[in-house]
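Structure first, commentary second.
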Amino acid sequence: MVITLDKHKKPLGFTTEKRARKLMEAKRAVICRYFPTVIILMDRDARDYDDLPTYRIKIDPGSVHTGIAIVCNETNRVMYSIRIEHRAEEITKLLQARNSSRRNRRNRETPYRRSKWKNGNRNKRPSKEGCLPPSIKSIGDNIVNTVKKLRRFINITECSFEAVRFDSRLMDDPDIEGKQYQQGTLSGYELREYLLEHFRHTCQYCGGASGDNVLEWEHMIPKSRGGTDSVRNASLSCSSCNREKGAMTPGEWLGHLRNTGFSASKDKQLAETRIRHLEGILLNSTVYGSSRYSAWTNSLRKSIEKDLFDIFGEVECSSGGRTKYNREKILKLPKDHHIDALAVGSVPEEGYTDCTNGYVLHMTAMGRGTRLRGLINDCGMIHVKWTDRRKRFNGLQTGDIVRVRIPNGKYTGTYTGRVMIRKSGSHDIRTLDGELVTGTKRSVYSVLQHADGYGYNYYIGKIGV
Ligand SMILES: [Zn+2]
C-alpha cells in the first residue's frame, strides 16, 4: 500500500499502488517520500473527513531484526509491513577496534589524549543505573525513531509491543505441584519461552557439547514414569540428549553413563560432560549457559516500552509465548519477522486480511558516517591526521537515494539506489537489486530522498504463503 497525506501534509490513510499511480498521472497527487512510499493528494483536506481510519502498530523486537506491522483498527486489514535490520554487532566491532587501538597506544606510552575516567580501569566507563551499552541502545533508538517517523505519515493511535519473553502472570507460581502446562496451549507456549530464558538457550545435559542445536522441552521424570507437565519437572535439552535419556530419570541416566564403557574418545568426552552436568543438576540444581544476552535484551525491552508509553500513553504489552501461540495456533502463518509482529498482542479470531501485496519495507541501519577526524591503520597508527569535516559534496551525501541516467559507457542505463560519494565528484551507487555502479559523474543525478541513516529496499514476503 501507499501512504497518503492531504494537501497540508496531514495523514489520510492508505491507497493501492495502482490508484496512486493513476492519481499521479492525473496530476492530482505528488510524491513526498520514496521509502516508505508517501504521496500527497493535492485536492484533499483531512479536516473534511470526520471518520478517517485509525491504525495500530505492532512491534516484535529482536537483537538482529525487528518486525513492524501496521493494521487497521476498524477492518483488521494489514496495511504495511516493515523489517528493520539493526547494526548492534557492527557497533560492538567498531568500539572494540577503538578500544584496542587506544589500549595499544597507552601501552606504548604514546597517548593522544588524557584518559577520561580516573578510576582503576581507565578503559572502562563507570556504569550508570539504567544505562545501556551503545550497541544495545542503537536497537531501541532504531525502533522508537521509526515509530515516531511513521506517526508523521500515518494516523497511528494504538501500539502493541512484545515486552517480555514469557508472561510471568501465567508462570507466577511454578512450585504448585501438578500445575499443568500442556503442549499446544497458551501456557504451554509461555512455558517454552520461560525454559529458553531460564536455561539460557543451553542444553542442560551437555551444555551444547553434542553439537545438536535443536532444543526441546524435557520432562526430567518422563511422563511414562508418572512425571507431570509442571515447571518443576521441566528442563531444556537438545534433541540428541533427550533421545538418549529416553525413559530414564536423571539419576538413572547418570548411573547408566557411569557404568557404560565407551570405545570412541569423542563419545567418552560427551559422556563425561553429561556426567558432570547431571551431577550438578542432581546435587545443587545448577543452571548451565550464559545469562549475558538475556539480561541486556530485558533491559532493552523495558527502555523501549517506556519510550512507547511516552508516545502513545497506552501500550498493549504482550509476551513472546503469546506471539508464537497466536502465529502458530490462530493465524497459522510461517515464521518471519514481519509476520511475528502481526501476531504480537491480541489477534482477531478470523485472522487478518493481507493488503500489502506481499511488499515488506526493509530498513537497514547504516549509520551516518564517522565522527573520527583521524584515520587509523591496522596497527593503530593515525596515518591521515585531518580528514575533511564536510559530509556533503556537490549537493550529495553518502546514503542519499538517487536516480541516475548514464548515457554511455559500461553502465549505460537508468539506476535507482543509494549513493556513496567521493570528494572528486565521481560516485558509486548501490542499486535496489544490489548491483554496484561505480564512477558515475554528478551531472546526471537526481536526488529522490536525503540520507537518514538507513538503507531502504522492498522485498516480497507474502503473508500466508
Ligand atoms: Zn545436549
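Coordinate-derived values only; no laboratory data. Source: prediction; values computed, not measured. Cβ: placed from backbone, ideal geometry, glycine included. Neighbour counts: every protein chain shown.
Provide the gained length on full extension for the span residue 447 to residue 330, in nm with one decimal, where the gain is 0.36 nm per separating residue minus the Cα-Cα distance. Numbers along the way, then the final one.
On the way: separation 117, 0.36 × 117 = 42.12 nm, distance 4.45 nm.
My answer for the length gained is 37.7 nm.
If R0 equals 30 Å, the separation of the Cβ atoms of residue 157 and residue 137 corresponds to a calculated FRET efficiency of about 0.65.
Name the residues of the range 75-104 whose amide N is less than 17 Å from a point 7 angstrom out from the Cα of residue 49 along the C-beta direction? Taking a point 7 Å out along Cα→Cβ of residue 49, the residues of the range 75-104 whose backbone N falls under 17 Å are 75-80. Between 339, 199, 402, the Cα set farthest toward the positive side of the dipole of the chain (charges on each charged residue's Cβ, about the Cα centre) is that of 402. Under the convention that each Lys and Arg Cβ holds +1 and each Asp and Glu Cβ holds -1, the size of the dipole of the range 351-411 around its Cα centre is about 480 debye. Ranked by the mean number of other Cβ atoms within 10 Å of their residues, highest first, the peptides 57-67, 210-220 fall in the order 57-67, 210-220. Modelled this way, with points 7 Å down the Cα-to-C-beta line, the labels at residue 94 and residue 386 are 2.4 nm from one another.
Annotation: extensible slack from residue 10 through residue 239 equals 77.0 nm (criterion: 0.36 nm per residue apart, minus Cα-Cα distance). Using the Cβ-Cβ distance between residue 103 and residue 276 with R0 set to 51 Å, the FRET efficiency from 1/(1 + (r/R0)^6) comes to roughly 0.90.
For the range 201-284, a simple Cβ point-charge model (Lys and Arg +1, Asp and Glu -1, everything else neutral) yields a dipole of about 140 debye relative to the Cα centre.
Each of 318, 92, 219 was scored by the projection of its Cα onto the charge dipole of the chain, and the greatest displacement toward the positive side belongs to 92; charges sit on the C-beta of Lys, Arg, Asp and Glu. Contact order for the chain, expressed relative to its length and based on alpha carbon pairs under 8 Å spaced 6+ residues apart, stands at 17 percent.
Sequence-distant contacts, meaning Cα pairs under 8 Å at least 6 residues apart, place the relative contact order of the range 366-456 at 27 percent.
Only Lys, Arg, Asp and Glu count, each charged at its Cβ (+1, +1, -1, -1), so figure out the dipole size of the range 303-377 about its Cα centre, rounded to 20 debye. Walk me through the numbers before you get to the answer.
Details: 10 positive and 11 negative charges, 115 e Å.
Dipole of the range 303-377, to the nearest 20 debye: 560 debye.
Checking Cβ-Cβ separations below 4.7 Å across the chain identifies 32, 72, 131, 159, 206, 241, 317, 355, 379 as cysteines lacking any candidate disulfide partner. For the range 262-362, the list of trypsin sites (Lys or Arg not before Pro) that fall in a loop by DSSP and count at most 11 other C-beta atoms within 10 angstrom reads 332, 335.
What is the local net charge at residue 398, summed over the other residues whose Cβ is closer than 13 Å to its Cβ (Lys, Arg +1; Asp, Glu -1)? Overall, the nearby charge balance is +4.
The label-point distance for residue 284 and residue 412, in a model that sets each label 7 Å from Cα toward Cβ, rounds to 7.7 nm. For the chain, the longest principal axis of the Cα atoms and the long axis of helix 265-284 meet at an angle of about 80 degrees.
Which of rounded, prolate or oblate describes the chain when judged by the alpha-carbon gyration tensor and an a/c cut-off of 1.5? It is oblate, given that a/c is not under 1.5 and a/b is not larger than b/c.
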